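See structure below.
The values are calculated or read from the model by the stated rules, or taken from the named source; none is laboratory data. Note that the structure is a prediction, hence the values are computed from the model and not measured. Cβ placement follows ideal geometry from the backbone for every residue including glycine, while neighbour counts extend to all protein chains displayed.
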Amino acid sequence: MMRKDETMGAGAMGHMETSLFEQCGYSREAIQARLERNWTEMFEGPDKIYWENDEGLGYVMDTGNHDVRTEGMSYAMMIAVQYGRKDVFDKLWGWVMKYMFMTEGLHQGYFAWSVDLSGVPNADGPAPDGEEYFAMALFLASGRWGDGEGVYEYSRHARSILHTCVHRGEDGEGYPMWNPENHLIKFIPETEWTDPSYHLPHFYEVFAQRADEADRPFWREAAAASRRYLVTACHPETGMNPEYSNYDGTPHVDERDH
């Protein structure tokens, strides 16, 4: 739990009543300093990965590929909301909606997974980890700051993303991001296999409380299905999992020899 009467300064995260780091012997001052350093290194320092354009919108760059990706943007939004930085969160989400959201075509309602720094899409398809992290970050933002208007009506956009993930393709065009029969997330909507790193049953528990009411049973099933799947996908001794996986947890080897 966070104490609302304490602030984080640069990080705005607050001290925790019971911190695991404190239990491991770190002082609150050391924890505070580390949190502030982490934010500075990622968002403000000389080696930062966060940038703002002339419109005042923000993005994080994949420095290995010199592009902007939905996984990076959604992770950055998660960081921003946990640090209490609404200004950065809104700049990131504004960039996502302007340059990544697809309004037509086979993947209408999803987000292009790779976009050039200028905002021109490099891809015409999504990567599901981006969508699920966007939805979770938006629900957290709604809970922390309340909903705004338009693009910043956080919870409405989160529900819309999840509705698309479940129902896309029911009209004959496109594909859902979760298999409707086994409730497992796909690697990409067109495939019928998965990626263990995409499975976030703790997110799905939140979706089961906050998504469209009609879809809440689906998300409860998805949470249970992912927990069962992870047991089969992770090695019983090492805990490691395949990079890609079939629904039964066995490795999926594709044409690129993954």
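Numbers for the structure displayed
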read-out: Filter result (hydrophobic (A, V, I, L, M, F, W, C), touching a residue at least 40 places away in the same chain (Cβ under 8 Å) and in a helix (DSSP H, G or I)) within the stretch 93-132; value: 93, 95, 97
read-out: Pairs, first in contact (Cβ under 8 Å) with a residue 12 or more places away in the chain in the stretch 217-233, second hydroxyl-bearing (Ser, Thr, Tyr) and in a helix (DSSP H, G or I), C-beta under 8 Å, six or more apart; value: 219/204; 220/204; 222/204; 223/204; 226/204
read-out: Residue check, residue 202 surrounded by fewer than 20 Cβ atoms within 10 Å (Cβ to Cβ), within 21 Å of residue 134 (Cβ to Cβ) and not hydroxyl-bearing (Ser, Thr, Tyr); value: yes
read-out: Meets criteria (modelled with pLDDT of 95 or more, outside any strand (DSSP E or B) and closer than 20 Å to residue 145 by Cα) for residue 42; value: no
read-out: Residue among 232, 238 that is surrounded by fewer than 21 Cβ atoms within 10 Å (Cβ to Cβ), of a type in the set (Ser, Thr, Tyr) and not in a helix (DSSP H, G or I); value: 238
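Every residue, every condition in (1) farther than 26 Å from residue 155 by Cα; (2) without any contact (Cβ under 8 Å) to a residue 60 or more places away in the chain; (3) crowded, with 21+ Cβ neighbours inside 10 Å; (4) among the β-branched types (Val, Ile, Thr), yes or no:
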residue	(1), (2), (3), (4)
24	yes, yes, no, no
31	yes, yes, no, yes
42	yes, yes, no, no
58	no, yes, yes, no
64	yes, yes, no, no
76	no, yes, yes, no
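Conditions tested, residue by residue: (1) of a type outside the set (Ser, Thr, Tyr); (2) within 24 Å of residue 94 (Cα to Cα); (3) touching a Gly at 6+ places or on another chain (Cβ under 8 Å).
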position	(1), (2), (3)
136	yes, yes, no
150	yes, yes, no
158	yes, yes, no
162	yes, yes, no
175	no, no, yes
182	yes, no, no
